[in-house]
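The values are calculated or read from the model by the stated rules, or taken from the named source; none is laboratory data. Please read all numbers here as calculations on a predicted model, not as lab measurements. Because the Cβ atoms are built from the backbone with ideal geometry, glycine has one as well, and the counts that use them run over all protein chains shown.
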């Protein structure tokens, strides 16, 4: 497991939150893994399948905590001990869940399952989330979900999580950067929820499922060349409906989403520093590196070779400082 915890000031230490996270082994011979975590505003943790396996994860806290759970791979169930209400997270789904004070929440992976958890204090959550979203959580018992149904984890959201994970700043700067990224995630998630609220009135469940199939084909096969006709056949629809329904459901054209996925994946690979430009181009479906370079520059406004420097010293990093400056102004 990996985690990034915000630095607590002297004032914040008085309101520190205490979180207990235990992994119960399925085997009688294996030891119980337990960790006590303390934070004041937010906490980022990555739970990998090779570390957790299929062992249940038990979470409890001395205060109400909001958990943003992202299921990157596999699936899992989540159940609150007090209500016995069970919810399921499938691959590429996420939601914001209330973990009630003093109650135990059990997360059970179904096979290999990679999860990312972001824990938020109530004060942090209510500061950045509009009241009409957060108020209902006060009255929920057991597992209270902010969104009635789990939302789809887009490539853009995945890359923000990856950027948090890869950030190699010093402690204080990492804290500012992580905070800015969490606020960005919250903003994008609320926008996505607003857009998806319109879907049930316009598309039938079967039509929605077909569009999700197309989206998954695109995102899981970035090196392949797709056409509207081939995607329509794979989903069991026709080209006209595919173009119309995909745009209605996801707010992007099929090819627009395809380019976005390729570029976001390329960006993710660039940030690791482990791949050459030619390797990245091939893995996102470009036969010639020059074609990839031109597409990347058109999408992000800079060449791949200079992107990492731009991100860390001219783009996202400055965004973090701007948010912190705004916060200071709001406190005056």
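Data overview
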item: Residues satisfying the stated conditions in the stretch 267-302, i.e. surrounded by fewer than 18 Cβ atoms within 10 Å (Cβ to Cβ), over 26 Å from the mean Cα position of the chain (by Cα) and in a loop (DSSP other than H, G, I, E, B); result: 276, 287, 288
item: Residue among 272, 253, 290, 237 that alone is closer than 28 Å to residue 163 by Cβ and touching a helix residue (DSSP H, G or I) at 6+ places or on another chain (Cβ under 6 Å); result: 253
item: Residue match in the stretch 50-67 (condition: touching a helix residue (DSSP H, G or I) at 6+ places or on another chain (Cβ under 8 Å), modelled with pLDDT of 90 or more and within 27 Å of residue 155 (Cβ to Cβ)); result: yes
item: Condition met for residue 246 (surrounded by 12 or more Cβ atoms within 10 Å (Cβ to Cβ), in contact with a helix residue (DSSP H, G or I) (Cβ under 6 Å, 6 or more places away or on another chain), at pLDDT below 90 and farther than 30 Å from residue 124 by Cα); result: yes
item: In the stretch 1-29, residue surrounded by the most Cβ atoms within 10 Å (Cβ to Cβ) [restricted to those that are modelled with pLDDT under 65 and under 19 Å from residue 68 (Cα atoms)]; result: 6
item: Positions within the stretch 98-140 being surrounded by fewer than 14 Cβ atoms within 10 Å (Cβ to Cβ) and modelled with pLDDT under 85, in sequence order; result: 111, 130, 131, 132, 135, 136, 138, 139
item: Of residues in the stretch 194-223 being modelled with pLDDT of 85 or more and in contact with a strand residue (DSSP E or B) (Cβ under 9 Å, 6 or more places away or on another chain), the one surrounded by the fewest Cβ atoms within 10 Å (Cβ to Cβ); result: 212
item: Tabulated pairs, the stretch 204-218, first within 14 Å of residue 248 (Cβ to Cβ), second surrounded by 17 or more Cβ atoms within 10 Å (Cβ to Cβ), C-beta under 6 angstrom, 6+ apart or interchain; result: 207/245; 210/235; 210/237; 211/245; 211/246; 211/249; 214/231; 214/235
item: Qualifying strands (runs of 3 or more DSSP E) (wholly inside the stretch 30-97; at least 2 residues being crowded, with 19+ Cβ neighbours inside 10 Å and touching a residue at least 12 places away in the same chain (Cβ under 8 Å)); result: 42-47, 57-61, 65-80
item: Boolean, residue 227 is surrounded by 15 or more Cβ atoms within 10 Å (Cβ to Cβ) and over 21 Å from residue 93 (Cβ atoms); result: no
item: Selection count where residues are surrounded by 17 or more Cβ atoms within 10 Å (Cβ to Cβ) and either closer than 15 Å to residue 91 by Cα or free of Cβ contacts under 8 Å to residues at least 24 places away in the same chain (or both), scope the stretch 153-170; result: 5
item: From 186, 173, residue being farther than 30 Å from residue 282 by Cα and surrounded by fewer than 16 Cβ atoms within 10 Å (Cβ to Cβ); result: 173
